[in-house]
1. Counting only the backbone N, which residues of the range 182-204 are under 19 Å from the spot 7 Å out from the Cα of Q153 toward its beta-carbon?
2. May I ask for the percentage of alpha-carbon pairs in the range 18-113 that lie more than 20 Å from each other?
3. Please list, in order along the range 141-153, the HN-Hα scalar couplings obtained from phi with the Karplus expression 6.51 cos²θ - 1.76 cosθ + 1.60 (θ = phi - 60°), rounded to whole Hz, x for Gly and Pro.
4. Let me check against my output: what whole-number percent is the relative contact order of the range 141-221, with C-alpha pairs under 8 Å and at least 6 apart?
Amino acid sequence: MNSFVDLPAIWAARQASGTVHLVGAGPGDPDLLTLRAARLLVQADVVVYDHLVGAGVLDLIGAEVQRVYVGKERSHHSMAQADINALLIRLARQGHEVVRLKGGDPFIFGRGGEELQALVAAGVRFEVVPGITAACGVASYAGIPLTHRDWAQSCTFVTGHLKDGSCELDWLALTRPRQTVVIYMGLSALATICERLIAHGLAADWPAAVVSQGTLAEQRVVCATLATLAGAVAQAGLQSPCLTIVGEVVRLREELAWRGERDARVEVASEAAALAAARCASACA
Ligand SMILES: C[S@@+](CC[C@H](N)C(=O)[O-])C[C@H]1O[C@@H](n2cnc3c(N)ncnc32)[C@H](O)[C@@H]1O
């Protein structure tokens, strides 16, 4: 195998090309952008953006800046990953300043690492601008602290949607005590995920929540238990994107919810009332 790397050629190519700025757009609310991200959205030549970038963030892109949508909704990729990589390389080689804009943080379930590997291989210069990942932004706006000295000393982020389409997670690790588990992309497998967590040792009445369109005006939160969450979410008809938070910290929302969206307490209360009614009905039968 020839392992020769032509460093002078790579360096010369870098000098001639533009830069790709891999930028995190945060979870949706444009006020959560970093200053660096906001500046780049005005200064760039081209912005190549994903499906989950909030409309309010897109509004901040300069009028003269070219926009390229490359999609990536679940099961509907408007452009294949290899084509996105090739596009970034081509635009940079044409000398453009390219913002590659991704929802949340580009390095958290965002394939940012894969895109940078392609840029490295092509000798394209880049920088990374972190964003607020959904777990942090969405939990904050839902009034759910991901750690708390009384309830959770660790927090784990997992994806509920694996590359091969399966949902085989490290269930034992996810059911360890005193931790919060945040599940990205877990909506379609929600019932299975809750069942597995119970089967691996978490109580059926362990607190869990799903937050839909977190940080946006449309944010909705459903708080329930592992046993009832999937049903409650289906009933509520939540819109994606949705994030699932599992752990005792979810109960703190009762005290800490600070936004005016539909109140989870009402939903928990009505769920409790329905359970009580069902128990009463079976006792009276
Ligand atoms: C492909 S992952 C990208 C994650 C992103 N890189 C980040 O750091 O947040 C997309 C998943 O993030 C979660 N997500 C992103 N934005 C969200 C929001 N505003 N509200 C709820 N969940 C969100 C959902 O679970 C969604 O399916």
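1. 182
2. 29 percent
3. Values per residue, Gly and Pro as x: 6, 8, x, 10, x, 5, 10, 7, 4, 7, 10, 8, 9 Hz.
4. 30 percent
Taken together, the values in this text are just the output of simple stated rules run on the coordinates, not laboratory data. Computed from a predicted structure; not experimentally measured. We place every Cβ from the backbone using ideal geometry, glycine too, and count neighbours over all the protein chains shown.
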